[in-house]
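**Student:** Dropping a structure here in structure tokens format, bear with me for questions.
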Amino acid sequence: MRSLSLTPEMEGQGSLILVNKDHPLRIQPAAKTFRFFGSSRIPLEKRTALVLENLLGALGCRSSILLVSGFRTREEQEEIYASSLKENGPEFTGKYVALPDCSEHQTGLAADLALNREPIDFIRPHFPRTGICRSFRAKMTSYGFTERYPEGKEAITGIAAEPWHFRYVGIPHAALMERYGLCLEEYLEYLACFPFEGPHLKIEIQNQSFEIFYQKSGEQGARIEIPADNPFLISGTNTGGYIVTLWR
């Protein structure tokens, strides 16, 4: 077995962290964790950028689907929020623009996409459920992306439905969220039902077996043991714990 120390800092990092008005971002990502998406000057978290590039390449749609917004600094989010308040008012802004430190865009894991057709709205880009955009949705979960703010989940996410906003959560989590119809808030609650000390979630996705469990964080973090030879990935939740994913 392999013994792992999970630090308090790790609890606020990773592809499954929840960032919303109730769980603001605690750790500002370092510049070295980002790369520009494609030939654009829009940064994304490195893995998110690479996977999105591969997904669009597989669909042959790099020129027909555009990245409108990726990583934002806290200062950029402040400017966007203030500008929307001035131009659109508090009701609109409350639905579509997150407060500074409460925006997924500050993680670099979120991507606002648009069909390449003028005019392109920066706040609410057009990303229909037809054509190449439909093909994107059909394939996205196998690459680790989920539609973050689906219709019908507004009371849970606190954000209006945004069919243009996609979030990288990784494999197999995107597929599990789609299978069970869960948004990220619900999914993290579901995974908390599989603690390190109890039965783990064991599931097969895309012909690959996974074992997933939750570990609560203490003041000093946590310590766990996992099989020595298994590939694994650890993500904090930003809600008081960690998600450990084992490839079996």
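**Student:** Specify the residue that is most open to solvent (accessible area, probe 1.4 Å); the eligible residues are those in the stretch 211-236 that are farther than 15 Å from Ser5 by Cβ and of a type in the set (Gly, Ala, Ser).
**Tutor:** Result: Ala228.
**Student:** In the stretch 179-199, which residues are part of a loop (DSSP other than H, G, I, E, B), more than 20 Å from Met140 (Cβ to Cβ) and either among the charged types (D, E, K, R) or without any contact (Cβ under 8 Å) to a residue 40 or more places away in the chain (or both)?
**Tutor:** Selection gives Cys193, Phe194, Glu197, Gly198, Pro199.
**Student:** Considering the stretch 201-210 alone, what residues qualify as being closer than 14 Å to Leu246 by Cα, of a type outside the set (A, V, I, L, M) and free of Cβ contacts under 8 Å to residues at least 24 places away in the same chain?
**Tutor:** Of everything in the stretch 201-210, just one residue is closer than 14 Å to Leu246 by Cα, of a type outside the set (A, V, I, L, M) and free of Cβ contacts under 8 Å to residues at least 24 places away in the same chain, namely Glu204.
**Student:** Just the residues that are of a type in the set (Phe, Trp, Tyr) and either within 17 Å of Ala174 (Cβ to Cβ) or over 22 Å from the mean Cα position of the chain (by Cα) (or both), please, taken from the stretch 188-239. Write out each step before concluding.
**Tutor:** At the first step, the residues of the stretch 188-239 found to be of a type in the set (Phe, Trp, Tyr) are 190, 194, 196, 210, 213-214, 232.
Answer for the stretch 188-239, where residues must be of a type in the set (Phe, Trp, Tyr) and either within 17 Å of Ala174 (Cβ to Cβ) or over 22 Å from the mean Cα position of the chain (by Cα) (or both): Tyr190, Phe196, Phe210.
**Student:** Another question, if that's okay. Taking into account only those residues within the stretch 126-171 that are polar (S, T, N, Q) and open to solvent by 30 Å² or more (accessible area, probe 1.4 Å), which is farthest from Glu104 (Cα to Cα)?
**Tutor:** Thr130
**Student:** Next up: Evaluate the stretch 172-183: report whether one residue or more is within 19 Å of Gln13 (Cβ to Cβ), surrounded by fewer than 19 Cβ atoms within 10 Å (Cβ to Cβ) and either out of contact with any Pro (no Cβ under 8 Å at 6 or more places or on another chain) or at pLDDT below 95 (or both).
**Tutor:** Scanning the stretch 172-183, I find no residue that is within 19 Å of Gln13 (Cβ to Cβ), surrounded by fewer than 19 Cβ atoms within 10 Å (Cβ to Cβ) and either out of contact with any Pro (no Cβ under 8 Å at 6 or more places or on another chain) or at pLDDT below 95 (or both), so the answer is no.
**Student:** Would you call Ile27 β-branched (Val, Ile, Thr), free of Cβ contacts under 8 Å to residues at least 40 places away in the same chain and in a loop (DSSP other than H, G, I, E, B)? Please lay out each step first, then the result.
**Tutor:** Details: β-branched (Val, Ile, Thr): yes; free of Cβ contacts under 8 Å to residues at least 40 places away in the same chain: yes; in a loop (DSSP other than H, G, I, E, B): yes.
So Ile27 passes the test.
**Student:** Let me ask you something else. Out of everything in the stretch 81-112 that is buried (at least 20 other Cβ atoms within 10 Å of the Cβ) and in a helix (DSSP H, G or I), what residue ends up being modelled with the lowest pLDDT?
**Tutor:** Only one residue fits best here, namely Thr93.
**Student:** Could you identify the single residue in Gly236, Gly221, Gly170 that is farther than 22 Å from Phe71 by Cβ, in contact (Cβ under 8 Å) with a residue 60 or more places away in the chain and among the small types (Gly, Ala, Ser)?
**Tutor:** Numbers: Gly236 fails: farther than 22 Å from Phe71 by Cβ; Gly170 fails: farther than 22 Å from Phe71 by Cβ.
Selected residue: Gly221, the only one of Gly236, Gly221, Gly170 that is farther than 22 Å from Phe71 by Cβ, in contact (Cβ under 8 Å) with a residue 60 or more places away in the chain and among the small types (Gly, Ala, Ser).
**Student:** Let me ask something additional. Can you work out which of the residues in the stretch 47-75 that are of a type in the set (S, T, N, Q), outside any helix (DSSP H, G or I) and within 28 Å of Asp101 (Cβ to Cβ) is most open to solvent (accessible area, probe 1.4 Å)?
**Tutor:** Among residues in the stretch 47-75 that are of a type in the set (S, T, N, Q), outside any helix (DSSP H, G or I) and within 28 Å of Asp101 (Cβ to Cβ), the one most open to solvent (accessible area, probe 1.4 Å) is Thr73.
**Student:** Same structure again: Condition first: open to solvent by less than 20 Å² (accessible area, probe 1.4 Å) and farther than 23 Å from Thr146 by Cα. Now tell me which residues in the stretch 8-32 satisfy that.
**Tutor:** none
The values are calculated or read from the model by the stated rules, or taken from the named source; none is laboratory data. Just so it is clear, the model here is predicted, and its values are computed rather than measured. So basically every Cβ, Gly included, is an ideal-geometry build from the backbone, and we count neighbours across all protein chains shown. These accessible areas exclude ligands, DNA and RNA; they are computed on the full protein's heavy atoms, side chains included. Shrake-Rupley method; radii C 1.70, N 1.55, O 1.52, S 1.80 Å.
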